Ligand SMILES: [Zn+2]
Ligand SMILES: [Zn+2]
């Protein structure tokens with residue numbers, strides 16, 4: 001099973017990505033949570049264009065990526081878990097939890113360090129919040145976050161299988177928790193105990209600073225509770241809240257070419 005997953009990694013990852021994207025898109029059409037502000041066609045073109053460029057740039061610059069780093073770390077006995085004799089399942093569990101906490105810390109860092117915020121604000125300039133917002137990241141942010149992930153994999157000595165499972169999980173939850181989908185409140189309460197839901201992550205896309213500087217988790221909701229960054233609901237309610245960033249409200253200046261140069265433009269405005 002582990003061998004099969006590792007040898008078919010790209011196909012499995014693409015299958016999950018595409019399957020969940022289609023599933024969420026259909027859910028959004030049948031039960032939307034908020035009416036959209038901007039034409040879906042132009043936003044989807046920008047967001048899908050960005051994920052295409054991100055994939056291409058990653059394959060060109062860092063073709064080895066996190067999984068190969070994990071294989072190398074295991075061969076050379078690098079990192080904590082490669083020097084402990086934990087049962088395989090426990091090493092995978094510890095690695096997935098630690099990688100998720102790393103992504104939480106990285107996300108908070110991209111908010112609070114001004115140069116990094118220049119890159120990450122591309123994610124926040126989406127004037128709507130839907131499944132494709134979950135893949136809207138500037139290529140330089142993607143490269144930096146892959147570098148951070150590779151460093152974490154080496155320090156941890158994360159098993160290769162844990163890295164593949166974590167990347168599939170993170171990709172799946174990112175598509176899920178950006179869904180513009182109606183989610184019954186009682187169900188949301190239960191889901192929120194284990195996973196970041198769209199109702200929880202939408203707060204993070206509010207135009208208000210205190211709201212977008214909360215709910216940094218992408219996968220597990222526990223880190224926000226532990227670190228004191230959890231915010232239950234947006235002040236203006238899910239339908240009344242404004243999505244995006246205050247200085248970037250013109251859709252004509254948020255097309256794909258603009259998004260690519262956005263980090264290099266102007267001062268670090270919030
Ligand atoms: Zn953010
Ligand atoms: Zn987001």
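The values are calculated or read from the model by the stated rules, or taken from the named source; none is laboratory data. Here the structure is a predicted model, which means the values were calculated and not measured. Here the Cβ is made from the backbone with ideal geometry for all residues, glycine too, and neighbour counts use every protein chain on show.
Could you tell me which of the residues 259, 175, 169 is surrounded by 15 or more Cβ atoms within 10 Å (Cβ to Cβ), within 14 Å of ligand 2 (Cβ to nearest atom) and in contact (Cβ under 8 Å) with a residue 60 or more places away in the chain?
That would be 175, the only listed residue that is surrounded by 15 or more Cβ atoms within 10 Å (Cβ to Cβ), within 14 Å of ligand 2 (Cβ to nearest atom) and in contact (Cβ under 8 Å) with a residue 60 or more places away in the chain.
Condition first: away from ligand 1 (no atom under 13 Å from the Cβ) and more than 22 Å from residue 132 (Cα to Cα). Now tell me which residues in segment 193-210 satisfy that.
Correct list: 193, 194, 210.
So for segment 184-192 (the condition being under 18 Å from residue 102 (Cβ atoms), surrounded by 12 or more Cβ atoms within 10 Å (Cβ to Cβ), modelled with pLDDT of 95 or more and more than 13 Å from ligand 1 (Cβ to nearest atom)), does at least one residue qualify?
No - not one qualifying residue is present in segment 184-192.
How do the pairs read when you match residues in segment 49-64 that are on the phi < 0 side of the Ramachandran plot with residues anywhere that are surrounded by 12 or more Cβ atoms within 10 Å (Cβ to Cβ) and not in a helix (DSSP H, G or I), using Cβ under 6 Å and keeping only pairs 6 or more apart or on different chains?
Within 6 Å, the pairs are 50/136.
Report whether or not residue 136 is modelled with pLDDT of 95 or more and within 15 Å of ligand 2 (Cβ to nearest atom).
yes
Here is a yes/no grid of residues against (1) within 30 Å of residue 247 (Cα to Cα); (2) modelled with pLDDT under 95:
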{"position": "72", "(1), (2)": "no, yes"}
{"position": "82", "(1), (2)": "no, yes"}
{"position": "96", "(1), (2)": "no, no"}
{"position": "102", "(1), (2)": "yes, no"}
{"position": "109", "(1), (2)": "yes, no"}
{"position": "121", "(1), (2)": "yes, no"}
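Okay, residues lined up against (1) under 17 Å from residue 217 (Cα atoms); (2) in contact with a strand residue (DSSP E or B) (Cβ under 8 Å, 6 or more places away or on another chain); (3) in a helix (DSSP H, G or I):
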position	(1), (2), (3)
75	no, no, yes
85	no, no, no
91	no, no, yes
95	yes, no, yes
108	yes, no, yes
117	yes, no, yes
123	yes, no, yes
